[in-house]
Each structure stands twice: as C-alpha cells, then as structure tokens.
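Read through the structure below, which is laid out as structure tokens, and then see the notes.
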Amino acid sequence: MAPSTFPTVNKCTSIGREKHTVVADMDGTLLIGRSSFPYFALIAFEVGGVLRLLMYLLSAPVAAFLYYFISESAGIQVLVFASMAGMKVSSIESVARAVLPKFYSADLHPESWRVFSSCGKRCVLTANPRIMVEPFLKEFLGADMVLGTEIASYKGRATGLICKPGILVGDKKAQVLKKTFGDEKPDIGLGDRVTDAPFMALCKEGYIVPAKPKVTTVTSDKLPKPIIFHDGRLVQKPTPLMALLIILWIPIGFPLACLRIAAGSLLPMKYVYHAFKALGVRVIVKGTPPPPVEKSKSKTNQSGVLFICSHRTLLDPIFLSTALGRAIPAVTYSVSRLSEIISPIKTVRLSRDRATDASMIKKLLQEGDLAICPEGTTCREPFLLRFSALFAELTDELVPVAMVNRMSMFHGTTATGWKGMDPFYFFMNPSPVYEVTFLKKLPKELTCGSGKTSHEVANYIQRVVASTLSYECTSFTRRDKYRALAGNDGTVVDKTNKANKVMGC
C-alpha cells in the first residue's frame, strides 16, 4: 500500500481516543525533522568529544550515499557504527537520559502529538536505537512501549553492530509490530514515508504525516512533563553545518577561552570589565549596586552585604565582582580544584553542616561583603530552584541579584562531565553575555531581624528574583537535579573513604 492511499494526519480525530492504541514512527512523524543525524552527533560529541564528532561527520557522506542509493538500513548502520562503536553502553544511556530529551522536545510535531497524546495506549516503532530514544519517549511523551533497533554490546561497550532482526525499516517494522500485537490490530498507525506503509497497513486506521517546510513545534507547556533539567555541552542542535562549525571553532575557541580566563584572573578587578569587553565578553549591568561598607572599629557586630544570586554557572560570583569593579568572596558548594586555582576571587567551600557553615559565613560577613547562590546548583531553563534558607538567619544586609547569561555554542555547566572544564566551555563561546541586575536591598521589615522566618525571607527573595527574570519558581533542589541527570543525589565518597565529597555546580 502506497503512502498516498493513507489520509493525512490532520484528518484524524483526537476525540474519544482514550481506549485506543496508537503506533507511531519517530523521525518525520512524531518529530518534524526527518534526519536522525543531529541526535547521533550529540552521542558522538558528548561521549567521545570533538575527535569522535569529526570522525562521525566524515562518515556522514558515506551514510547518505548508502541511504539514498543502496538501502535505508545500510545508511543508518553507518551512523550507528560511527557514533557508538567502542563507547560504554552506560555512557550512551546517560546521554539519552540527560541530553537528548531537550533536543527531541524542541522538534515535536504538533499534529502527530495531538493524535498520539489523545490515545490511551502509546507505542513508538522506530529505526533509531531503542537505547537512545526510550528515555525521552517514556518519561516525557508517556509512551507505554518503544520498539526500536537493538545495538550489540560486548563487556559493557557498544560494538557498533546491530542485533537481529536488524535495523527496523520497511517490512521489519511490520514483522515486529505483528509479533508484538499478534492478531490484535492497533487502532491508529502514524508514519511519514514509503517504508512506513507496511506497518501502517496492519493498523485499523493509517495516517501519513506529510513533510512541510515550516511547522510550528509543540511548546514545552503542552508536554506531560516540562524539561527543567538537562545536561550536555552543546547549545544548538548539531546539524551537519553546525557540527562542522563546532569542529572548526574549537581550535580557535580554546586559546581564546584561556586568554579570557587569564585576563579575568590576573588583572585587577576594576579593569576586568573593560578587558572582557575587548575580548568579546559582554557584561550588562542593571540596577544600582550598593557601595562598599566601610569598616568601623567601634562597631563590633558590623556585617557586610550578602549578595543573594540566582545560579546559572559557577562564574556567577566572578561576574558579580566584575559588575561591582571589586572582588567579592563567594561561598561555594564545592567546585573543582582547577576552578579554585584560576578563580580571581576568594572561594570558601561549604561543608553542608548547618552549624559549621553558619559560623563560617558569619565570620566572612564580619570581614566584608560576600556572595552566595542559595539554589545550591545551576539550572539552565527559566526556572529558579528552591532557595536554601540558612543565609537569611545570618544577616539582615541582603541584596538580591538576578543573574542571566546567553551562550550560542557551548553550555558552561555540567552534571555528568568534568566540572573543571566549565569555565573554559563558557568562555569558548564566540560572544558570551552575562547580565547582572542588582535589586533593591531587602527592607528591614522583611528580614529575620523583624520577626520573619528564614523560609519566608528565602521564598520572598526567590519570588522577587524570578519576577525580575520572568522565571518560574520551583521547589526542586540540587538532589532532584542530580537524580534526574546523573542517577544519584550528587554525593560521592572519595577514594580514601575518609570524607564525603559533594559534586559541584
């Protein structure tokens, strides 16, 4: 049966489908894009680095030739081998869970999603490796079943080969569907190409998703679950052109990042703003920052200002200092030793013992101003995580600071990679931007000194900062982030087993 004999998906009603079963293809059907190249490229880069991405990109013309002139399965086999061969299966699973959902969700087809989401039982039948698509489909689209290509492995590493029955295209899709559902026909079949026709013919109703040059993607608020946490270094989807630009830029961007970091670390803080501007790093300052507190010997209980910053990268306190033109020490929840060494400001690690940390912060405030990021970890999306309330108990001199940054190529944070590279990746962006907005100092009547609880103060500041940035407040914590992205609560034990070490920003 040819695809032209199937009606288009816009003619499929989505009312009264609660007891129906839908079976949908992925690329070009559930997703607007018909090419899986970018998603294999993400696996290649996030697990194997830039050299693996280069090898993958060089193999793409071969895959395209095989796809169009030999067979669809041969082309996909080349992409699988070039992107996954030799990689740990656990690493592929990690990228599939923490990185790919963000990119998949930005390419969701509105008409296909309308039909798919209306059905009570949802199945996806795809030529893509199941290992790379299943976390997104089940967790964020509510799929009950994912039937995909199975990759072969040996001693925990992918071989780059495919298990029987091979790449699921054409008749193999129909065979797998028949084997899974038996004589029970699914109610709806959704596909987009000639090779989808065999499995669509096994469904009671079949609908084709036509290729259109311009389709508005599904907005994140329409998903069953919003994507708040995601990982990975790449900001944009690595199309062939974007992948080539990344490969060509890194040999230029890394020395540039080193130069920018050296300027921030070695120059006096009052000159850093101008040095960053000359090197292509924009720092936008809004609001009126408070003047430095003059120390007085007669006031023994004098406290410096505590800057309460939203947390976007570990560089937040450094850009705060850049905006102020003076170095402001910062308390951290643990950063890499490399980041501490190259930091132009004093950093003090918190122990996560409440009494110890409170005593240390009070002592630092007696010495002068201090910066803290009470979220405890970074969040890339327009959300604020829960603010820890400890800071509100220690001083009434509180100045909220709304931090936001813009990056075009690389993210300057990671939950699963080496955090020592975070500042380098941020400064490798061609023209990164940091916007620092100083809000009004918290009035005395809204502080703990006037009878407010620490949680009331923390929640109020969170709402004020969120309102300034047009972000949404959440009750999520760093544990929620690491459980979502890394499968742990962010705490690991060092090799000597003498102390607990907490994973950083």
For this session: Quick one: compute the contact order of the chain, relative version, from alpha carbon pairs under 8 angstrom and 6+ residues apart, as a percent.
Result: 15
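Under 1.5 on a/c is rounded, so check that first for the stretch 1-102, then, if it is not, pick prolate when a/b is larger than b/c and oblate when it is not; a ≥ b ≥ c are the square roots of the alpha carbon gyration tensor eigenvalues. Spell out each step's value before the answer.
Details: a/c = 3.04, a/b = 1.60, b/c = 1.90.
Since a/c reaches 1.5 but b/c is at least a/b, the shape of the stretch 1-102 is classed as oblate.
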Problem set entry | Residue-by-residue Karplus 3J(HN,Hα) for the stretch 162-170, coefficients 6.51, -1.76, 1.60, Hz, glycine and proline x | 10, 7, 5, x, x, 5, 7, 9, x
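Rolling a 1.4 Å sphere over the protein heavy atoms, what is the accessible area per residue of the chain, to the nearest Å²? Spell out each step's value before the answer.
Numbers: 22710 Å² over 505 residues.
Heavy-atom SASA per residue in the chain reads 45 Å².
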For this session: List the residues whose amide H sits under 5 Å from the amide H of residue 371, counting only those 5 or more places along or on another chain, with H placed 1.01 Å from N in the peptide plane.
Result: 307, 330, 331
Problem set entry | Using alpha-carbon coordinates, inclination of helix 269-278 to the longest axis of the chain, degrees | 30
For this session: Per residue of the stretch 78-85, in order, report the coupling 6.51 cos²θ - 1.76 cosθ + 1.60 (Karplus, θ = phi - 60°) as ³J(HN,Hα) in whole Hz, putting x for Gly and Pro.
Result: 5, 4, 4, 5, 5, 8, 10, 4
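Leaving out ligands, DNA and RNA, and with a 1.4 Å probe, what % of the accessible surface on the chain is carbon or sulfur? If you can, show how the numbers build up before the last one.
Details: 13000 of 22710 Å².
About 57 percent, which is the carbon plus sulfur part of the accessible surface.
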Exercise. How big is the stretch 190-254 on each of its three principal axes, counting only the C-alpha atoms and giving the largest first in Å?
Worked result: 56, 29, 21
Seminar exercise, completed: Mean 1/r over distinct Cα pairs of the stretch 317-434, inverted to a Kirkwood Rh in Å, yields 15.5
For this session: Determine which lysines satisfy two conditions relative to residue 440: a Cα distance under 16 Å, and not lying fewer than 8 residues away in the same chain.
Result: 286
Problem set entry | Nonlocal amide H pairs with residue 325, under 5 Å, H built at 1.01 Å | none
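Run the numbers on the stretch 344-400 and let me know its relative contact order in percent, using alpha-carbon pairs under 8 Å that are six or more apart. It would help to have the intermediate numbers written out before the result.
Values: 24 pairs, mean separation 17.3, N = 57.
Result for the stretch 344-400 is 30 percent.
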Exercise. In nm², what is the average projected area of the convex hull enclosing the Cα atoms of the stretch 129-182?
Worked result: 4.4
Seminar exercise, completed: Helix 454-469 sits off the longest principal axis of the Cα atoms of the chain, rounded to the nearest 10 on a 0 to 90 degree scale, by 60
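Can you tally the net charge around residue 286? Count Lys and Arg as +1, Asp and Glu as -1, for every other residue whose Cβ sits under 14 Å from the Cβ of residue 286. Write out the running numbers ahead of the final one.
On the way: positive: 282, 440; negative: 435.
Local net charge: +1.
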Seminar exercise, completed: Here, GluC sites (Glu not before Pro) of the stretch 102-210 satisfying both criteria (DSSP loop; at most 10 other Cβ within 10 Å) are 184
Exercise. So what is the calculated 222 nm ellipticity per residue for the chain, using -39500 (n - 2.57) for each DSSP H run with n of 4 or more, over all residues, to the nearest 500 deg cm²/dmol?
Worked result: -11500 deg cm²/dmol
For this session: Would you rank 26, 421 by solvent-accessible area, highest first, keeping every protein chain in place and using a 1.4 Å probe?
Result: 421, 26
For this session: Give the accessible area for residue 114 in Å² (nearest 10); use a 1.4 Å probe, count only protein heavy atoms, and leave out ligands, DNA and RNA.
Result: 70
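The values are calculated or read from the model by the stated rules, or taken from the named source; none is laboratory data. Small disclaimer: the values here were computed from a predicted structure and weren't measured. Virtual Cβ from ideal backbone geometry, glycine too; neighbours counted across all protein chains shown. Remember, those area values only see protein heavy atoms, side chains included, never the ligands or the DNA or RNA. Shrake-Rupley method; radii C 1.70, N 1.55, O 1.52, S 1.80 Å.
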